[in-house]
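Student: Let me give you the structure first, and then I'll get to my questions.
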Amino acid sequence: MAGPVRIAVAGAGLIGRRHIEEIDASGSAQLAAIVDPLPAAQEVADTFGVPRYGSLAELFEAARPDGVILATPNQLHVDGALECVAAGMPVIVEKPLGDTVQGATRLVEAAEAAGVPLLTGHHRNYSAIMAKAREIVQSGVLGSIVAVVGTALFYKPDDYFDVGGGWRRQPGGGPILLNLIHEVDSLQSLVGEIVRVQATTSNATRGFPVEDTAAMAFAFANGALGTFLLSDAAASPRSWEQTSQENASYAAYPDEDCYHLAGTTGSLSVPTMRLMVFPGTRSWWEPFESSTVDLERSDPLADQITHFAAVIRGEAEPICSGRDGLKALKVVDAVVESARTGRPVDLR
């Protein structure tokens, strides 16, 4: 396939516009069209000089792009992606892959059966920080991973909960369903599949029907254990957004971490990339050799477009596949179930 690949974006909302901007700025892709039934999207299409279609069916009938990014509301993800699969169209589906595990499973199985590339839009997978952390884990310098500690602690302002008639105060509008899926995807990409979950939640800080804080224990397939603390009512910078320096909308605290990976020979803190390894004998009496791993930073959303173009051309396998997105969704589902029942949930 010569020249830039032609990508259409379905959904011209906030995240859709970010994808549109990144495609427009990319050297490996060009914007083919916008799919959005809302007349307001016409202005976006006009700004970028591309046609707007009211539905994917209209798009596929009128002009066949090389790939599609679905940035529609969550409840439309599965049906929209199934349309793409039926048309043989490579597709990135914004997270979550589906609004139910059942729907997402149906989608993944359909894509695999048809041999159509299906990617999940967990953009952190394309982060230079995450890529380097995966590389360090896979290199064996940490030994076998024993434990991981993670945090996503931040404070959402009061007006955040007033949007859309206050739906974020109700069950389903809390940090488990809105924020945790990113963290689960990151942990699984670093440590492997989560096979057992125990969770407890609290709404004591804000007193809304929905949780504001959750504590989780994870067991991984390789035997590693992990803990994770999540809160949208905590005055703390220990979240990816406030430590990674990848989103300029947030204040950054480059001396703070949100993940700590401990192996049998060393440990890595992310995103400061502080690496500590035993140079010889492993013992708590022995000093570590301490270093900071250098990074070449880049924009994960831009890197996702470059990667998608390579997948469309057949030059790369998806870094974050539909099945990866389904695995993250299943873990979040298990967290909700465990918090509800007070019992552990096995994912196998």
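Student: So which residues in segment 205-231 are of a type in the set (V, I, T) and either in contact with a His (Cβ under 6 Å, 6 or more places away or on another chain) or more than 22 Å from R169 (Cβ to Cβ) (or both), if there are any at all?
Tutor: Answer for segment 205-231, where residues must be of a type in the set (V, I, T) and either in contact with a His (Cβ under 6 Å, 6 or more places away or on another chain) or more than 22 Å from R169 (Cβ to Cβ) (or both): just T227.
Student: Here's a follow-up. In segment 93-117, what residues are in contact with a strand residue (DSSP E or B) (Cβ under 6 Å, 6 or more places away or on another chain) and either buried (at least 23 other Cβ atoms within 10 Å of the Cβ) or of a type in the set (V, I, T) (or both)?
Tutor: V93, E94, L97, A111, listed by residue number.
Student: Here are V210, V149, V141, V137: which of them is of a type in the set (V, I, T) and under 30 Å from G314 (Cβ atoms)?
Tutor: V137
Student: R313 fails exactly one of the following numbered conditions: (1) under 18 Å from I7 (Cα atoms); (2) open to solvent by less than 60 Å² (accessible area, probe 1.4 Å); (3) over 20 Å from the mean Cα position of the chain (by Cα). What is the number of that condition?
Tutor: (2)
Student: Further, regarding this structure: Could you please find all residues in segment 190-217 being within 18 Å of the chain's Cα centre (by Cα) and of a type in the set (A, V, I, L, M, F, W, C)?
Tutor: Hits for segment 190-217 are L190, V191, I194.
Student: Checking the condition part of a strand (DSSP E or B) and surrounded by 16 or more Cβ atoms within 10 Å (Cβ to Cβ), which residue from I23, I7, I15 passes?
Tutor: Going through I23, I7, I15 in turn, just one is part of a strand (DSSP E or B) and surrounded by 16 or more Cβ atoms within 10 Å (Cβ to Cβ): I7.
Student: Only residues in segment 192-219 that are on the phi > 0 side of the Ramachandran plot count as the first member; pair them with residues that are small (G, A, S), Cβ under 9 angstrom, at least 6 apart or cross-chain, and list the lot.
Tutor: G192/A221; G192/A224
Student: Of all residues in segment 30-68, which are among the charged types (D, E, K, R) and over 19 Å from L118 (Cα atoms)?
Tutor: D36, E43, D46, R52, E58, E61
Student: Answer yes if at least one residue in segment 284-292 is open to solvent by less than 50 Å² (accessible area, probe 1.4 Å) and not in a strand (DSSP E or B), and no otherwise.
Tutor: No, there is no match, as no residue in segment 284-292 is open to solvent by less than 50 Å² (accessible area, probe 1.4 Å) and not in a strand (DSSP E or B).
Student: Right, next: If you go through segment 316-344, how many residues are of a type outside the set (G, A, S) and open to solvent by less than 30 Å² (accessible area, probe 1.4 Å)?
Tutor: 6
The values are calculated or read from the model by the stated rules, or taken from the named source; none is laboratory data. A quick note: this is a predicted structure, and the numbers were derived from the prediction, not measured. For neighbour counting, all protein chains shown are included, and Cβ atoms are generated from backbone atoms with ideal geometry for every residue, glycine included. Ligands, DNA and RNA are stripped out before the accessible areas are found, and what is left, the full protein with its side chains, is counted by its heavy atoms. Shrake-Rupley method; radii C 1.70, N 1.55, O 1.52, S 1.80 Å.
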